[in-house]
Amino acid sequence: RTSAEELEWSHDGRRLFLSSPNQLYALAMAGQAGSGAIAKVGDQSRREFVGVDPWHPAAVLVRERPPQNSPLPKRWRLWRSEIGGRSTLLHEGALQIVDFALAPGGALSHLALALGDAHVVVRREAHGGWRALTRCVGWRRCDFLGTRNGGRDLLIRSSLDGDLLSLAELGADGALRILHVDPRAELDLERVVLDPLDNAPLIAGYGRATS
């Protein structure tokens, strides 16, 4: 028995991931091996479950925050935790990890990092460094939805172009392209259904504006 608070399916539908206050579990649903604890979460470990890995069906993604009362420099980390206990460090840095996106294959391609009153969106370059693409300041939103074109471009739910949330694509050069917005200019974008093969937007749903 577990005190599961969140349930998520793996992208291939063969495993169910359960998040309890202190532990992540995997439950094999197709008769295969690989059920059991994956990673510790909660206040003691300073780790939280942030999603199922969309490219690795036996893995989840976990964000680690730094300890509050420590003389050491603060470090934020993003991990891929797999069935069997293996963990892979995807990113480590001094700035808070607000959001992230993966390229096809599972490589980390984009991050949103907290810097003052802004969330800075950065893209990983071929040489391994990071390039800033845009800043979401104050109430401006930049919610990551996924990547396209081999991980070069980032799909976001954004209010960078105006007061309403719309579906936008942030290119590798930092150019913002609006893909869809409420035709009546009244409602925020609430949710988007993406094609699982190439992340092309299929359906957009709109709701009451919150701006």
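The values are calculated or read from the model by the stated rules, or taken from the named source; none is laboratory data. In this text the structure is predicted, and so the values were computed from the model without any measurement. Glycine also receives a Cβ, built like all others from the backbone with ideal geometry; neighbour counts cover every protein chain displayed. Areas reflect the complete protein model, heavy atoms only, side chains present, ligands, DNA and RNA absent. Shrake-Rupley method; radii C 1.70, N 1.55, O 1.52, S 1.80 Å.
With contacts defined as alpha carbon pairs under 8 Å and 6 or more residues apart, what's the relative contact order of region 123-211 in percent? Reported as a whole number, the value is 19 percent. The portion of the accessible surface of region 73-211 made up by carbon and sulfur, rounded to a whole percent, is 50 (1.4 Å probe; DNA, RNA and ligands excluded).
Among 113, 16, 102, the largest mean-square fluctuation in a Gaussian network model of the chain (Cα springs under 10 Å) belongs to 16.
Each semi-axis of the equivalent ellipsoid for the chain is √(5λ) with λ an eigenvalue of the Cα gyration tensor; in descending order they amount to 29, 22, 17 Å. For the chain, the solvent-accessible area works out to 55 Å² per residue, with a probe of 1.4 Å and every protein chain left in place. Applying 1/(1 + (r/R0)^6) with R0 = 30 Å to the Cβ-Cβ distance of residue 30 and residue 107 gives a FRET efficiency near 0.65.
Taking only the Cα atoms of region 1-98, the ratio Rg/Rh comes out at 1.00, with Rh defined as the Kirkwood radius.
Taking region 155-173 and a reference point 7 angstrom along Cα→Cβ of residue 185, the backbone N atoms nearer than 12 Å belong to 162-164.
Once you have the Cα-Cα distance between residue 152 and residue 208, take 0.36 nm times their residue separation minus that, and quote the gain in nm to one decimal.
17.0 nm
Per the Debye formula with a single identical scatterer at each Cα and no solvent contribution, what log10 I(q)/I(0) holds for region 52-163 at q = 0.12, 0.14 Å⁻¹? Normalising to I(0) and taking log10 leaves -0.45, -0.61.
Which net charge results when you count Lys and Arg as +1 and Asp and Glu as -1 among the other residues whose beta-carbon is under 9 Å from that of residue 32? In short, +2.
Each principal axis of the Cα cloud of region 98-211 was taken in turn, and the coordinate range along them, longest first, works out to 43, 37, 20 Å.
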